[in-house]
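Below is one structure, written out as structure tokens, with a few remarks after it.
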Amino acid sequence: MISIQKYVRAKSLEEAYQLNQSRANRVIGGMLWIKTGNGSVNTAIDLCDLGLDGIEETQEAFLIGAMTSLRRMELHQGLNTYTQGAAGAAVRDIIGVQFRNLATVGGSIWGRFGFSDVLTFFLSLETFVELYQGGIVPLEQFAALGYDRDILVRLIVKKKPGVFAYRAFRNQRTDLPVLTCALSRMEGEYRAVIGARPGRAIVVRDEEGLLSGGQTEGRYNAFSAYVARVVPMGSNTRGSAAYRTHLARVLTERNLMQIMESGGK
Amino acid sequence: MEIKIKLNGKDVSASIEADLLLIDFLREHGCYSVKRGCETSGCGLCTVLMDEKPVLSCSVLTARADGHEIWTLEGLQEEAQEFAGFIADQGADQCGFCNPGFVMNTIALLRENPNPTDDEIRAYLAGNLCRCSGYEGQLRGIRNYLDSRGEKGNGHTCVL
Ligand SMILES: Cc1cc2nc3c(=O)[nH]c(=O)nc-3n(C[C@H](O)[C@H](O)[C@H](O)COP(=O)(O)OP(=O)(O)OC[C@H]3O[C@@H](n4cnc5c(N)ncnc54)[C@H](O)[C@@H]3O)c2cc1C
Ligand code: FES
Ligand code: FES
């Protein structure tokens with residue numbers, strides 16, 4: 001466990017940002033990941049009083065505050081209606097309800113963990129990250145960046161009409177996933193997102209037009225095989241690269257069938 | 001730092017270190033039902049209610065709980081007694097170590113969803129680990145309790 005010398009509930013984002021410029025200080029979200037580490041934090045910067053723990057739905061977007069818990073995301077009616085339940089499906093096997101009441105969307109996205117169901121899911125939507133200093137950047141761009149000392153304020157999910165599906169493969173419920181797979185089709189554009197490779201999730205688009213010109217099983221096979229071929233995989237204790245490649249094909253195909261059945265034709 | 005927490009319905013003020021975990025604060029204040037299991041946020045043994053929601057007290061700073069309401073099993077005996085006997089009747093408790101976490105999370109489940117299906121019970125209690133029993137006993141105990149109230153779930157669908 002880390003040791004913490006001082007605890008501050010930031011009264012403004014500016015205060016949080018200024019405190020976070022010292023490398024000895026650290027923003028805390030749910031603190032679940034931070035707690036797995038060792039070392040010493042001078043000041044723990046808590047964003048819990050900044051009103052960032054809710055999801056606001058407008059005509060065009062969902063504004064998801066950095067301190068929103070994964071449980072809130074799981075149960076949010078608007079987000080689940082828009083994603084046909086994929087939001088809940090993405091997080092419901094992360095440990096347990098008590099854990100998801102604490103873990104935050106902000107900490108999950110900031111962490112850009114290789115195994116992240118949360119990152120995989122949001123990459124399949126039209127998601128932007130609002131940073132206090134860095135402004136609004138596409139999540140895909142943010143996911144590829146290194147860590148700096150900015151503050152993640154909220155996620156902005158544009159309500160592009162679409163169909164969505166989410167699947168992850170776990171050796172056991174509540175364990176870390178062996179592979180995560182989100183699929184979407186928004187305004188004709190397909191995205192397959194593969195995470196827990198075990199590296200950070202990446203987005204694959206149908207650049208070869210394998211899914212254009214009618215939905216047939218042959219086309220699903222072709223696109224799933226393409227995803228499996230182009231996504232770099234690695235091995236760890238949960239699974240080998242070859243196994244992950246196999247899973248990527250299967251999960252992509254199942255997600256494709258699901259979105260076609262739910263109106264993606 | 002100075003904090004004030006409503007613990008099991010009573011105001012408690014204390015002076016704490018910044019990194020004191022809620023589990024330690026609670027045990028220092030006589031709540032010995034709250035136990036350390038994994039301490040890596042994975043077993044659910046340390047479950048308490050914070051503002052009505054179940055959370056892992058091993059993973060919350062006491063400072064974060066400042067100004068909030070915490071309930072432990074010590075304050076919820078009556079509510080727990082309603083169904084704990086049904087779990088015991090199934091022999092679900094063997095060493096019994098996991099029991100307080102299970103009971104706390106079952107209280108949270110039944111407050112949120114008074115008539116859960118078996119799959120909803122499994123999903124809600126998935127974060128509570130038991131090394132002895134295999135979970136079926138707990139499930140049967142909760143099901144028997146629900147049936148005894150005459151509020152039967154269909155036991156087949158899962159909406160979570
Ligand atoms: C045992 C365990 C099992 C897990 N299993 C899974 C799983 O199966 N699937 C999955 O997707 N995830 C899993 N996770 C990850 C988890 O879901 C969260 O993503 C993770 O705990 C981070 O969220 P947090 O709120 O706890 O962040 P914290 O631990 O508080 O913070 C994480 C990092 O982000 C920084 N940070 C937090 N908020 C901000 C902000 N607003 N601005 C700038 N920086 C910020 C912190 O300084 C820290 O560096 C697991 C975690 C643990 C500990
Ligand atoms: S001791 Fe808190 S989750 Fe295991
Ligand atoms: S009865 Fe022993 S851990 Fe559950």
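Close contacts from the range B:78-96, counting a first residue that is more than 10 Å from B:ILE142 (Cα to Cα) and a second that is assigned to a loop (DSSP other than H, G, I, E, B) and more than 16 Å from ligand 1 (Cβ to nearest atom), with Cβ to Cβ under 7 Å and a gap of 6+ residues or different chains, come to B:ALA92/B:SER133; B:GLN94/B:CYS132; B:GLN94/B:SER133; B:CYS95/B:CYS132. Please tell me if A:GLY107 is crowded, with 18+ Cβ neighbours inside 10 Å, within 14 Å of chain B (Cβ to nearest Cβ), within 16 Å of ligand 3 (Cβ to nearest atom) and modelled with pLDDT of 95 or more. Considered against the rule, which asks whether it is crowded, with 18+ Cβ neighbours inside 10 Å, within 14 Å of chain B (Cβ to nearest Cβ), within 16 Å of ligand 3 (Cβ to nearest atom) and modelled with pLDDT of 95 or more, A:GLY107 comes out as no.
Only one entry of A:GLU126, A:GLU140 meets the criterion of being crowded, with 19+ Cβ neighbours inside 10 Å, away from chain B (no Cβ under 14 Å) and of a type in the set (D, E, K, R), and that entry is A:GLU126.
Against the numbered list (1) away from chain A (no Cβ under 14 Å); (2) more than 12 Å from the chain's Cα centre (by Cα), B:THR62 comes up short only at (1). Checked against the criteria, B:VAL48 does not count as outside any helix (DSSP H, G or I), more than 12 Å from chain A (Cβ to nearest Cβ) and in contact (Cβ under 8 Å) with a residue 12 or more places away in the chain. Listed here are the strands (runs of 3 or more DSSP E) enclosed by the range A:1-59 that have at least 1 residues being within 14 Å of chain B (Cβ to nearest Cβ): A:3-9, A:26-28, A:40-46. If you go through the range A:1-30 and keep only what is farther than 24 Å from B:LEU22 by Cα and touching an Asp or Glu at 6+ places or on another chain (Cβ under 9 Å), you end up with A:TYR17, A:ASN20. Of the strands (runs of 3 or more DSSP E) lying entirely inside the range A:169-244, those carrying at least 1 residues that are more than 16 Å from ligand 3 (Cβ to nearest atom) and small (Gly, Ala, Ser) are A:179-186, A:189-195. When the range A:6-41 is limited to residues that are among the polar types (S, T, N, Q) and touching a Ser or Thr at 6+ places or on another chain (Cβ under 7 Å), the one that is surrounded by the most Cβ atoms within 10 Å (Cβ to Cβ) turns out to be A:ASN25. When the residues of the range A:88-104 are filtered to those that are among the small types (Gly, Ala, Ser) and within 12 Å of another protein chain (Cβ to nearest Cβ), the one that is surrounded by the most Cβ atoms within 10 Å (Cβ to Cβ) is A:GLY96.
The values are calculated or read from the model by the stated rules, or taken from the named source; none is laboratory data. It should be emphasised that the depicted structure is a prediction, and the values quoted were computed from it without experimental measurement. All Cβ positions, even for glycine, are placed from backbone atoms using ideal geometry, and neighbour counts span all protein chains on display.
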